[in-house]
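The values are calculated or read from the model by the stated rules, or taken from the named source; none is laboratory data. The shown structure was predicted, so the numbers you read here are calculated from the model rather than taken from an experiment. When we count neighbours, we look across all protein chains shown, and the Cβ atoms used for this are built from the backbone with ideal geometry, even at glycine. These accessible areas exclude ligands, DNA and RNA; they are computed on the full protein's heavy atoms, side chains included. Shrake-Rupley method; radii C 1.70, N 1.55, O 1.52, S 1.80 Å.
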Amino acid sequence: MHHDIASRAAELAVSVAAAPRRVLDVGCGTGYLLRLLAARYPQAAELAGIDAAPSMIETARRAADDPRLRFMVGTAERLPYPDDAFDLVVSTTSFDHWADQIAGLRECARVLAPGGHLVLADQFSPLLVPTLLAGRRGKARTRRRVSQLLGAAGFEGLAWHNLYELIIKAVTATV
Ligand SMILES: C[S@@+](CC[C@H](N)C(=O)[O-])C[C@H]1O[C@@H](n2cnc3c(N)ncnc32)[C@H](O)[C@@H]1O
């Protein structure tokens, strides 16, 4: 399932950002999406992945098949990159895990150069509203809430896309 979501997210990324030079995947896991993007973006100079779990980064480094791929342990809420460092930021099925989602989105906006693109994919659906009353209290799991947070973080030009099954959606936006 994660590979299908990543493949569709890669297609979506290519449709909004045809030739980014610097790409970041936040919550990159094993780096599968970045390896797909490396193949789709031959002109890219750097494809960076960051993940909170050291074991994921170890696996991603071992699987890296392109010298432009770089992986680092870190969190969305505190990205270890300077302002304007990337032209495209992607993130698939990680956002729901971020401890502070607005802080993470602000960081994504900060590291994107003006005109840069965000592709954010996760479980976003009214079907998930009951979960907000229990274990996922406070999480942004509906389009409305995510759109509010993206606006507050400085993103504009939001467009929503059905990515996988009923509840996996992606939102694209620019800074
Ligand atoms: C379900 S996995 C998805 C991994 C990958 N993006 C994919 O689509 O296969 C969620 C990932 O988010 C990472 N993660 C959780 N909280 C994070 C945070 N605050 N910042 C960065 N990564 C985080 C986890 O370590 C995990 O690798």
Of all DSSP beta bridges located in the chain, what percent are antiparallel, nearest 5?
40
Estimated dipole of the stretch 15-73 in Debye, rounded to 20 [Cβ of Lys and Arg +1, of Asp and Glu -1, Cα centre]
160
With a probe of 1.4 Å, find how much accessible area the stretch 1-138 has per residue, and write the answer as a whole number in Å².
45
Using only DSSP helix segments of four residues or longer, with each worth -39500 (n - 2.57), what per-residue ellipticity at 222 nm results for the chain after dividing by its residue count and rounding to 500?
-10000 deg cm²/dmol
Mind checking which of A109, A60, A39 has the largest fluctuation in a GNM of the chain, springs on alpha carbons under 10 Å?
A39
Local net charge near I168, Cβ-Cβ under 10 Å (Lys/Arg +1, Asp/Glu -1):
-1
Starting with the highest mean, order 90-97, 160-167 by the number of other Cβ atoms within 10 Å, averaged over the residues of each peptide.
90-97, 160-167
Dipole of the chain, Cα-centred, from +1 at each Lys and Arg C-beta and -1 at each Asp and Glu C-beta, to the nearest 20 debye?
340
Run the 1.4 Å probe and let me know the accessible area of I102, rounded to the nearest 10 Å².
40
